[in-house]
1. Considering only L115, A99, T133, whose Cα is most displaced toward the positive end of the charge dipole of segment 58-172, charges sitting on Cβ of Lys, Arg (+1) and Asp, Glu (-1)?
2. Give me D for segment 16-93 in µm² s⁻¹, whole number, from Stokes-Einstein with Rh from the Kirkwood sum over alpha-carbon pairs, 10 °C and 1.306 mPa s.
3. Amide H to amide H, which residues 5 or more places from E197 or on other chains are under 5 Å from it, using H placed in the peptide plane?
4. Please tell me the relative contact order of segment 1-154 in percent, rounded to the nearest whole number, where contacts are Cα pairs under 8 Å and at least six residues apart.
5. Please state the relative contact order of segment 78-189 as a whole percent: Cα pairs under 8 Å, 6+ residues apart?
6. What residues qualify as long-range amide H neighbours of E28, i.e. H under 5 Å apart, gap of 5 or more or another chain, H built at 1.01 Å from N?
7. Tabulate in residue order the Karplus-calculated ³J(HN,Hα) for segment 67-72, using 6.51 cos²θ - 1.76 cosθ + 1.60 with θ = phi - 60°, rounded to whole Hz; enter x for Gly and Pro.
8. Sort M218, M1 so that the residue with the fewest other Cβ atoms within 10 Å of its own Cβ comes first and the one with the most comes last.
Amino acid sequence: MSIALACGNLTKSYGTIAALRNLDLQLEENVIYGLLGRNGAGKTTLLNIIAGGIAADSGTIQVNGKRLGKRELPENFCYVRDQYRHFGEARVIEALQVAANFHPQWDWNYARELLDLFLVDPDKKIRQLSRGTQSLIGNIVGLASRASLTLYDEPVLGLDVLMRERFYKTLLEDYANHPRTILLSTHLIDEIAPVAEHIFILESGSLLLQDDMEKIRMSAYLLRGNAEAVASFTESKRVLYHEAYGRGTLAAIYEQLADTDFRQARELDISIEALSLQKLFLYLIEGGL
Ligand SMILES: Nc1ncnc2c1ncn2[C@@H]1O[C@H](COP(=O)(O)OP(=O)(O)OP(=O)(O)O)[C@@H](O)[C@H]1O
């Protein structure tokens, strides 16, 4: 696998606020990534720096092995955020024409299909559209640009559940036919779990956890049982969070469990339940590491 994007030791502060702290992050070619983090974790700052919108205080960004200069844009990339509401008086079709000029792999047939699919009237003025429909224009640009590196900042913000599902389904279908590197930042954590192949969790400008979604599914568990039994079971395991209740203990762990572990848990009368990505996120943030 080759590396599409590598951020090395990125640091960015706004006055006394450290938005990114020595962040290292790599994206492999043709993988869908999820970027999670609570408000103010540094997600938008990271995406803006990669997209050349703001400069990092220090650190490097390499795209396909080539180091980017300050505010230099990656080649063949697309950054989708809520900028379309600033197009105000322009019509949807005019905004797409502007986007098409910037993206060498732009597919007009596909863009028209997407306008139909997402029920967006190309002749409407952008200011006449609802907030959710304005977000959809960005998503149409992200899809139709077919850029080899696409960054989405909160692409489903303001979309109803039907349009969110439709967006993720369309993204996956198009990605299967036109593989590319995609980084999606979102607060709707459980919706990203079936879409992303690898997850980054940012907290206070640093990576708290990153792993393949498959590994996360096989490693995030919630245990409940007698306090001593849980303590003995988790002795050499990565415990994210634990809490006493009555005479028992609840523990969230991050560890791939073997058959022998499940057998031991049964013998110790410990219940094991898989944690959703959202629950894992909550325990990580609440419990630290
Ligand atoms: N232009 C700015 N001036 C001052 N502080 C800023 C600026 N932009 C971001 N910050 C601060 O930097 C930190 C990271 O912000 P950032 O917008 O990157 O977080 P985020 O993870 O995208 O948050 P959210 O999920 O709420 O959009 C926050 O503490 C924020 O207040």
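1. Final value for the positive-end residue is A99.
2. Numbers: Rh = 14.6 Å.
Estimated via Stokes-Einstein, D reaches 109 µm²/s.
3. Placed amide hydrogens put I32, Y33, G34 under 5 Å from E197.
4. So the answer I get is 24 percent.
5. Result for segment 78-189 is 34 percent.
6. Sorted by chain and number, the residues that satisfy this are A4.
7. Using θ = phi - 60°, the values come out as 6, 7, x, 4, 6, 6 Hz.
8. Values: M218 14, M1 7.
Starting with the residue having the fewest Cβ neighbours, the order is M1, M218.
Read-outs: derived from the displayed coordinates by stated rules, not from any lab. In this text, all values refer to a predicted model and were calculated from it rather than measured experimentally. No Cβ is skipped: glycine too gets one built from the backbone with ideal geometry, and neighbour counts run over all protein chains shown.
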